[in-house]
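Scroll down for the structure; my scribbles are underneath it.
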Amino acid sequence: MVAGCARSIEGHAVPQGAGGWPGLSAEFTKLLTECDAVADDKIAETVGATAVYRGFFGAICRWEGDSPAGVVKVTFNWFETGSLDHERNAGEELGYSVENTTVEGRRALQMRRPNDPLSCGVSAGAATTGIFGWWVQYATGGADPCEAAATLARLTLNLSS
């Protein structure tokens with residue numbers, strides 16, 4: 001027989017982020033629905049796609065859509081303990097150009113990859129705590145990816161407060 005590593009744990013299972021966890025506060029009430037911060041149809045409209053299709057959902061949420069100019073990829077992240085200073089440092093380490101900007105009066109960052117004018121990201125302070133960011137990447141052209149990312153950030157702040 002093969003012996004395994006097994007043990008019983010007392011209690012009853014609840015999903016991560018559910019009520020009753022020590023230290024959990026009202027600040028994290030939308031933690032399990034962050035990928036719904038902006039409706040799919042608004043994402044599609046913002047990036048100029050006929051529709052977007054949900055891909056991976058977790059700490060980072062992804063959509064892909066078809067626009068008249070080709071495929072567009074959209075990424076959203078929300079880090080409840082993140083900071084814009086950390087995002088700046090990470091972007092600079094990756095060789096991105098990082099600029100200060102604002103979204104709905106909040107301090108924000110706009111990032112671009114070197115030699116990639118078809119993609120852009122905007123990160124801002126969340127309405128409650130932490131930071132969130134949107135990244136828009138067009139395959140062959142389309143609207144201004146920085147304006148699309150900034151619009152999605154504005155919609156996030158308008159809908160998450």
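The values are calculated or read from the model by the stated rules, or taken from the named source; none is laboratory data. Predicted model, so just to flag it, every value in this text is computed and none were measured. Cβ placement follows ideal geometry from the backbone for every residue including glycine, while neighbour counts extend to all protein chains displayed. Only protein heavy atoms, including side chains, enter the accessible area calculation; ligands, DNA and RNA are left aside. Shrake-Rupley method; radii C 1.70, N 1.55, O 1.52, S 1.80 Å.
Please list 3J(HN,Hα) in residue order for region 104-115, calculated via the Karplus relation 6.51 cos²θ - 1.76 cosθ + 1.60 where θ = phi - 60°; whole Hz, with x for glycine and proline.
Calculated HN-Hα couplings, in order: 6, x, 9, 4, 8, 10, 10, 10, 9, 6, x, 6 Hz.
List, in order, the whole-Hz ³J(HN,Hα) value for each residue of region 59-72 obtained from phi through the Karplus relation with A = 6.51, B = -1.76, C = 1.60 and θ = phi - 60°; use x for Gly and Pro.
Each residue of region 59-72 in turn: 5, 10, 10, 10, 9, 9, x, 10, 10, x, 8, x, 6, 10 Hz.
Taking the Cβ of GLY121 as the centre, find all other residues whose Cβ is under 10 Å away and add up their charges (Lys, Arg: +1; Asp, Glu: -1).
Around GLY121, the surrounding residues sum to +1.
What does the charge count around LYS42 come to, taking other residues whose C-beta lies under 13 Å from its C-beta (Lys +1, Arg +1, Asp -1, Glu -1)?
Taking every Cβ under 13 Å from that of LYS42, the sum is -3.
At a 1.4 Å probe radius, which order do TRP78, TRP134 fall into by accessible area, largest first?
TRP78, TRP134
Which residues does a label at THR33 reach in region 106-139, if reach means a backbone N under 16 Å from a point 7 Å past the Cα toward the Cβ?
Output list for this probe position: 127-128.
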